[in-house]
Structures are given as C-alpha cells and as structure tokens.
Amino acid sequence: MWIYNPREDIEFEKGILFTNVDAFRALLKDYAIQKGFPLVRLKNEKSKCTVKCGAEGCNWRIHASPVGDTTTFMVKTYTPEHTCVMNRKNSEATSDWIAKKLISAMRDHPEMTSKGVKAEMQKHGVLPSRMQIYRVKKKALKQIEGSHSEAYGKLPKYAELLRMHNPGNIMKIHYDRTNVLVEPKFLRLFVSFKAQKDGFLAGCRPFIGFNGYHLKGAFGGILLTVVALDRNNSVFPLAFAVVECENREAWSWFFFYYFQKFFGPFPANIPLTFMSDRQKGLNLAYEEQVPEAAARYCCWHIYCNFKVKFPGLLLRRFFWQAAKSYDLIGHNEAMERIKNINIDAWRYLANIPKCNWARHAFSVEIKCDHVTNNFTESFNAWVGELRGKNILALAEGLRQKFMKKTA
C-alpha cells in the first residue's frame, strides 16, 4: 500500500496499491504539480481512472481500477516517460489544494506574510499569483480557526479554560436576550488576566490609557483596550473588550468589569490618571465608575480640533509650547503669545482645564510627562492582523501577546 512522504518525490509504478479512489486522485494531483505538467482525465469514475499528460505529443499515461470487489485501487497500466517541458504554473494547483498544503506551516506561523506563503509554495514547485495567495491565506486560516460565526459558539468553553488554568483571570461574555424564547445574541466580551493585574501593581506607573479600534472581521465591532506604561516607558497591556459600538454605555460596562469586578476596590494609595482622546462617552463613563481618577487629554487630538478653527504655523508652535512647558512661566508666555495673535484661540484653550493638557500642571505623583495618547495608538500596530480574525482567534491571539509581554 502506498504511503505518502511529502519530503520525497512521488513516483508511480505498475501494481502499486491505494486505499481508495480518492487517495489515488489526491496523489495524482500532487504528482502532476510536483512534475509540472497538465492532466487530462479520460475516465474519472469510482470504478476506473484513466489519465494522460495534457501536453501535445507526450506519451505519459496511467490507468487504475479497483482490485476485485474491494475499494482498494491499483495501477494496472503505466507509461512513465514524459517528453514535454515542465511548467510551474499548473492549473492543478488550485487555491483549495494550496490551502491544504499550507495548513501545517500556518499553524506554526499564524502571522505568515504573503511573501512567506509564496516561499512555502515554491517548495511544492508552485508559483501562485497575488490573488491566489490572498485566497489561499483566507482559506487556510478558516480551516485552522473556523468560521467567524462558529467562533461565537466556542467562547463559553474558551472562557471556562481560561478560568480553570488561572483562577484570577476574568472573561465575561454578555448576551442580548429579550426573552427566554429568543436565541441569545452575542453583544460584548471582556477579558483580562491576573498576570496583568499583578504586573501593573508591581511595576507600572499609575497612568492608564484607553482607546478603541474598529475590527475588520465579518461582524465588525469595536476593540476597547486599556494599557499602562511600565518603568521602562514600554507599553504594558492590561485588558481588552469587544463591544458593539463606542459609546458611554459600552465604556461604562468596560470600566465596571475592569475596576469593580476584576481589580475589586482599587488601592486608595494609587493616584490614578487616565489618558484618552475624549472618545464618545469615555469621559462620562470613567467619571461615573472611577470618579477619583484624574483626567488627561491627548494634546494631538486637542490640536487637531484647535487648528480647524485657528490654523497657522505660529499658533501651532505656541500651542505645543504651552502644552509641553515644564513650568507655569513658560506656559503663560506661550498662552500670551497666542492671545496676541488671536484672542478667540486663547479663549478656546483657556476653557480647557490646565491639569487636563498642560504638562506643568500634571501631578508629580504620576511621574509621567506624556501629553499625547501615542502609547495607546501603538497598541493598534501591535495588534496587527488580529483585528481581521474571528472573535475566538482574536481573543487567543491577544492572550498570547499579553503573556509574551508579561513574561
């Protein structure tokens, strides 16, 4: 009986046996792709298969049929000589075939790039097109991860495993269910890990940033994130949630599970400061859930709104001087210059409390002088292609990234 070894060249011979017709057909396809020639199937039935080389004038030919009354297939006649030229662009190498060959490699390297897919397929003697590479990656990932809709049904078991292996972890799945007769519909997901809580309390500044990112999967949604800065000024992710949209209700739900259910009563000796882009509902949500925390607004987003009404290079220069000054004198000097250029621009900035955007007014207890939310924006690049995966693959991918960051 033929046993396929993918590391060896395929060779047929008369009398070789296969478990069934499908095994014969699969190996024949692999052989044609490996050798680089087209196939013409003269007979392709359960009772017999007769195939020849599709190149004009080539004598290669093979015929196989069952042995007696069994499903076992045997090569009955075989003409092995090829007189045609090898062609690496083979129509037998369909996207389904390539995806099947890629699955093993992509399990080991789930973030494999298009360049990596192409290199992997060249090992099989195939030169896939750009569009073929795109389709192949999508099909291989679907076979590995499952479909987007199927992933939601697996979340409860995944949550159970997370809590079982580390009782300090929390994963809350929130469903929308109008009554008991209606099938529950996924609405939100919150995830955080005990290692993140311990790491934050042991080695991070009490300075936390929040942001939201649109997911690119089949069902959309928003990925909410909370990150901190460790003592090396590196991003330290704390928790994430998937919600239906970015509004006060979603942020308030996120804060409730993070600060009440996960952290419990937050240590009173930690003077928390929150950095945000003043997203929809975010400020109202943390004022409601964590009223003791100080607020800091991203100066880049303040400036983007400011320059729409008050454009100009001088105003830009003095805005950033006012924001980044380490002392009151430097801040007031920059604000006075803005006032001399455009008093309305000065009023616009004066109406924003200094402690929310001016560096000199920040609490010294925080030991962090960031005036922008760029450290949370970097999380978007860190997440990368996970935003396009199904919800289970997204959660597991983030878990792995969190654990590597904590290790």
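Overview of values
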item	result
Any hit, segment 302-318, residues being touching a residue at least 40 places away in the same chain (Cβ under 8 Å) and more than 30 Å from Ser192 (Cβ to Cβ)	yes
Cβ pairs under 6 Å, 6+ apart, first in segment 36-58 and closer than 13 Å to Ser91 by Cα, second surrounded by 17 or more Cβ atoms within 10 Å (Cβ to Cβ) and basic (Lys, Arg)	Val40/Lys52
Test: Glu377 is acidic (Asp, Glu), within 30 Å of Ala239 (Cα to Cα) and in a helix (DSSP H, G or I)	yes
Among the candidates Tyr326, Tyr297, residue that is of a type in the set (Ser, Thr, Tyr) and closer than 17 Å to Met275 by Cβ	Tyr297
Matching residues, segment 333-364, being closer than 17 Å to Asn305 by Cβ, in a helix (DSSP H, G or I) and touching a strand residue (DSSP E or B) at 6+ places or on another chain (Cβ under 9 Å)	Asn356, Trp357
Count - residues of segment 343-360 that are touching a residue at least 24 places away in the same chain (Cβ under 8 Å) and hydrophobic (A, V, I, L, M, F, W, C)	6
Flag if Arg296 is charged (D, E, K, R) and crowded, with 18+ Cβ neighbours inside 10 Å	yes
Any hit, segment 10-24, residues being in a loop (DSSP other than H, G, I, E, B), modelled with pLDDT under 85 and either within 19 Å of Gly125 (Cβ to Cβ) or not aliphatic (A, V, I, L, M) (or both)	yes
Residues located in segment 249-308, provided they are under 21 Å from Ala202 (Cβ atoms), touching a Phe, Trp or Tyr at 6+ places or on another chain (Cβ under 8 Å) and assigned to a loop (DSSP other than H, G, I, E, B)	Phe266, Leu272, Val290, Ala293
All helices (runs of 4 or more DSSP H) inside segment 66-148 with 1 or more residues being on the phi > 0 side of the Ramachandran plot and without any contact (Cβ under 8 Å) to a residue 12 or more places away in the chain	none
Any pair with Cβ under 6 angstrom, 6 or more apart, that starts in segment 222-240 at a residue that is surrounded by 21 or more Cβ atoms within 10 Å (Cβ to Cβ) and ends at one that is among the acidic types (Asp, Glu) and in a strand (DSSP E or B)	Phe236/Asp230
Condition broken by Ser104, with the remaining ones in (1) under 24 Å from Lys138 (Cα atoms); (2) hydroxyl-bearing (Ser, Thr, Tyr); (3) outside the structural domain of Gln122 (by TED's automatic domain parsing) satisfied	(3)
Qualifying residues in segment 191-205 (those that are surrounded by fewer than 16 Cβ atoms within 10 Å (Cβ to Cβ) and of a type in the set (A, V, I, L, M, F, W, C)) - the one nearest to Phe256 (Cα to Cα)	Leu201
Residues of segment 102-133 satisfying the condition of being under 25 Å from Gln400 (Cα atoms), of a type in the set (Lys, Arg) and modelled with pLDDT under 80	Arg107
Restricting segment 380-407 to residues that are part of a helix (DSSP H, G or I) and basic (Lys, Arg), the residue that is surrounded by the fewest Cβ atoms within 10 Å (Cβ to Cβ)	Lys404
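Yes/no matrix, rows are residues, columns are (1) within 21 Å of the chain's Cα centre (by Cα); (2) among the aliphatic types (A, V, I, L, M):
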{"residue": "Lys43", "(1), (2)": "no, no"}
{"residue": "Thr79", "(1), (2)": "no, no"}
{"residue": "Ser95", "(1), (2)": "no, no"}
{"residue": "Lys101", "(1), (2)": "no, no"}
{"residue": "His109", "(1), (2)": "yes, no"}
{"residue": "Val117", "(1), (2)": "yes, yes"}
{"residue": "Gln122", "(1), (2)": "no, no"}
{"residue": "Gln132", "(1), (2)": "no, no"}
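The values are calculated or read from the model by the stated rules, or taken from the named source; none is laboratory data. Bear in mind that the values here come from a model prediction, so they are computed numbers and not experimental data. Ideal geometry is used to build each Cβ from the backbone, glycine not excepted, and the neighbour counts take in all protein chains shown.
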